[in-house]
Amino acid sequence: MAEATPLDGVDLILADLDGVIYTGRNAIPYAIDSINAAAASIRVGYITNNASRTPAAVAEHLTGLGLHVAPENVVTSPQAAVQLLAGLVPAGSTVLVVGGAGLLDVVRAAGFVATDSAEDKPAAVIQGFAPEVGWKQLAEASFALARDSDGNGIPWVATNTDWTIPQERGIAPGNGTLVSAVHTAVGILPVVAGKPERAIFDEATRRFGAS
């Protein structure tokens, strides 16, 4: 009889990226060979809370490490976040985007109008990690999210709230640190799309038709 394995009865593997498959440009020992071996008999998808890159950029990085990855095999926290956003504001709404190209491209592709200014009266704020995010962007988010005297305001969606992000040089502040800065200013918490919340897993399960 064949020996039982942890993959018995599983129709999809979802692999995390930062700190699991790689740290910066460097692959984690044994990760590439292990995933390629598993991919010979089971579907593999890649999920990431890092909102700074597009699925195409992630796929190119993974392929360069020795995996076989197409952009559609990558599920990002921005993709999950816009699904949440679509349930909170009308289609085509103006949304204040705090983040980089990996988030901005997804917001626009979903049909929303992106802005970086609270003066444009956005219907919601969506926030994700990017190395270039700084005080000005966090301040605009805070201005947009301010509550009125009755406590009313607009929705806030965060791609993830990881406190840290692994880098080649060590551990750096992640999106959770930036979200915390806005939270401290406005006194509310966002709806979160990325791991360990289920929105990103729901998006991946739907994408790959897994059960």
| request: Count the DSSP beta bridges whose two residues both fall in the range 73-211, then state the antiparallel fraction as a percent rounded to the nearest 5. | output: 25 percent
| said: Could you work out how much longer the chain between Asp120 and Ala4 gets when fully extended? Use 0.36 nm per residue separation minus the Cα distance between them, nm to one decimal. | reply: 36.0 nm
| request: Grab the DSSP H runs of the chain that are 4 residues or longer, score each as -39,500 (n - 2.57), total them, divide by all residues and round the 222 nm result to the nearest 500 deg cm²/dmol. | output: -10000 deg cm²/dmol
| note | With +1 at each Lys and Arg Cβ and -1 at each Asp and Glu Cβ, the charge dipole magnitude of the chain around its Cα centre, to the nearest 20 debye, comes out at 140 debye
| request: State whether the range 139-211 is rounded, prolate or oblate according to the following rule on the C-alpha gyration tensor (a ≥ b ≥ c being the square roots of its eigenvalues): a/c under 1.5 gives rounded; otherwise a/b larger than b/c gives prolate, and the remaining case gives oblate. | output: oblate
| Ignoring ligands and nucleic acids, what accessible area does Asp202 show with a 1.4 Å probe (Å², nearest 10)? | 70 Å²
| message | For a Förster distance of 45 Å, can you work out the FRET efficiency between the beta-carbons of Arg198 and Ser149, rounded to the nearest 0.05? | response | 0.85
| request: Calculate, in whole percent, how much of the Cα-Cα pair population of the range 1-99 lies beyond 21 Å. | output: 43 percent
| Per-selection Kirkwood Rh - the range 1-51 (Cα, Å, 1 d.p.) | 12.2 Å
| said: What's the whole-number percent of alpha carbon pairs in the range 84-211 lying beyond 18 angstrom? | reply: 54 percent
| remark: Amide H proximity to Thr23 below 5 Å, modelled H, separation 5+ or other chain, gives Ile28
| message | Show me, for the range 85-100, the HN-Hα J-couplings you get by feeding each phi into the Karplus relation (A = 6.51, B = -1.76, C = 1.60, θ = phi - 60°), rounded to Hz, glycine and proline as x. | response | 4, 4, x, 10, 9, x, 4, x, 5, 7, 10, 7, 9, 10, x, x
| said: Under 10 °C and 1.306 mPa s, how fast does the range 104-179 diffuse according to Stokes-Einstein, given a Kirkwood radius computed over C-alpha pairs? Answer in µm²/s, whole number. | reply: 116 µm²/s
| remark: Scattering profile of the range 76-142 from the Debye formula, Cα beads only, expressed as log10 I(q)/I(0) at q = 0.12, 0.25, 0.29 Å⁻¹, is -0.25, -1.11, -1.42
| note | For the pair Ala39 and Thr164, the simple spin-label estimate (label points 7 Å beyond Cα toward Cβ) gives in nm 2.9 nm
| Taking a probe of 1.4 angstrom, what is the accessible area of Arg108 in Å², to the nearest 10? | 140 Å²
| message | Suppose a student asked you for the relative contact order of the range 155-194, using Cα pairs under 8 Å spaced at least 6 residues apart; what percent would you report? | response | 52 percent
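The values are calculated or read from the model by the stated rules, or taken from the named source; none is laboratory data. In this text, all values refer to a predicted model and were calculated from it rather than measured experimentally. Positions of Cβ are backbone-derived with ideal geometry, glycine not excepted, and every protein chain shown enters the neighbour counts. The accessibility values were calculated without ligands, DNA or RNA, using every heavy atom of the protein model including side chains. Shrake-Rupley method; radii C 1.70, N 1.55, O 1.52, S 1.80 Å.
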